[in-house]
Amino acid sequence: MILIADSGSTKTEWRLLSDKPTPADTCITKGINPFYQTSAEIHELLKEEYTLNSFKPQEIHFYGAGCANEEKNNIVKEALVAYFGIQNITIESDLTGAARALCQKEEGIACILGTGSNSCHYNGQDVTANVSPLGFIIGDEGSGAVLGKKLIGDILKNQLPQSIITLFFQEYQTDRAEILDHIYKKAFPNRYLAQFTKFLSKHIHLTELETLVIDSFNEFIKRNILQYNNAENLKVSFTGSIAHHFKPQLLTALSKNNLTPGIINPAPMDGLAQYHNRTKSL
């Protein structure tokens, strides 16, 4: 029995592979990120929230945010070994998970567009090149956090029509002071900013808002995808909520940059299950 985990800082999806998957094969726990949690904290989280205890896996493949080096990977592995009592565990980055889910065994460019953004060149098995995303303050182009940041900046600096500015404040019942307090004084300003993509999605028919989204995707392409060798001859695939909800605008940006779209889906788990089922059968 193989167990796969796809983990972000907010939530982790766990799935036991079976020939006929059912909802009973999947559970959701809080996010796991070794930059913010110790092995003991991860172990305690599993004891409290993991529910697939009817089956003991023989191997585990964990793909996670923050799993960027051996030190951080070992924090997660120590917790998994302690909880599941097995050693056959591999820890990989969420970017490797996205690439395997999207490209399977084929070479391509794989991208994540969610609250944050990331990208890589993938050779059909491993990530071979990665332009550092740098976070939402100086990077993360095209992400939910950056789309929210651009929207809020344009609203507070009166760069959008007054009708859109009025509509925004009517819908969110907030003001400049409260917005700035959330961004500069409270935890997780990236998540706070990303929530405003709902406004963009709801009113994407407004030309100014659609242009904001497409321009941000163009920045993501220019500053990330176009740095990979042979990108123009490879399929470019995406996973994440932003890629999924703004698919028409993303396709427009790819077309403007003469890039070939591949798969665009909201989450990597189905693709990861397919990848590991294929690998198991080899």
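The values are calculated or read from the model by the stated rules, or taken from the named source; none is laboratory data. Note that the coordinates shown come from a computational prediction; the quantities given were computed from them, not determined experimentally. Ideal geometry is used to build each Cβ from the backbone, glycine not excepted, and the neighbour counts take in all protein chains shown.
Here is how the numbers come out for the structure above:
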quantity	calculated
Residue in segment 63-73 that is without any contact (Cβ under 8 Å) to a residue 40 or more places away in the chain, more than 17 Å from the chain's Cα centre (by Cα) and within 27 Å of VAL236 (Cβ to Cβ) present	yes
Any hit, segment 178-187, residues being surrounded by 15 or more Cβ atoms within 10 Å (Cβ to Cβ), in a helix (DSSP H, G or I), in the same structural domain as PHE246 (by TED's automatic domain parsing) and under 24 Å from the mean Cα position of the chain (by Cα)	yes
Matching residues in segment 188-201 - criterion: being in a helix (DSSP H, G or I) and either surrounded by 16 or more Cβ atoms within 10 Å (Cβ to Cβ) or touching a helix residue (DSSP H, G or I) at 6+ places or on another chain (Cβ under 8 Å) (or both)	PRO189, ASN190, ARG191, TYR192, LEU193, ALA194, THR197, PHE199, LEU200, SER201
PHE35 being closer than 17 Å to THR115 by Cβ, part of a loop (DSSP other than H, G, I, E, B) and either acidic (Asp, Glu) or touching a residue at least 24 places away in the same chain (Cβ under 8 Å) (or both)	yes
Candidate set from segment 140-175 (those that are in a loop (DSSP other than H, G, I, E, B) and touching a residue at least 24 places away in the same chain (Cβ under 8 Å)); member that is surrounded by the most Cβ atoms within 10 Å (Cβ to Cβ)	GLY142
Considering residues of segment 225-263 that are under 22 Å from THR26 (Cα atoms) and surrounded by fewer than 21 Cβ atoms within 10 Å (Cβ to Cβ) only, the residue farthest from the chain's Cα centre (by Cα)	HIS244
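Here's the yes/no breakdown for (1) in a loop (DSSP other than H, G, I, E, B); (2) in contact with a Cys (Cβ under 6 Å, 6 or more places away or on another chain); (3) surrounded by fewer than 21 Cβ atoms within 10 Å (Cβ to Cβ); (4) touching a residue at least 24 places away in the same chain (Cβ under 8 Å):
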{"position": "TYR83", "(1), (2), (3), (4)": "no, no, yes, yes"}
{"position": "GLN87", "(1), (2), (3), (4)": "yes, no, yes, no"}
{"position": "LEU95", "(1), (2), (3), (4)": "no, yes, no, yes"}
{"position": "LEU102", "(1), (2), (3), (4)": "no, no, no, yes"}
{"position": "CYS111", "(1), (2), (3), (4)": "no, no, no, yes"}
{"position": "THR115", "(1), (2), (3), (4)": "yes, no, no, yes"}
{"position": "CYS120", "(1), (2), (3), (4)": "no, no, no, yes"}
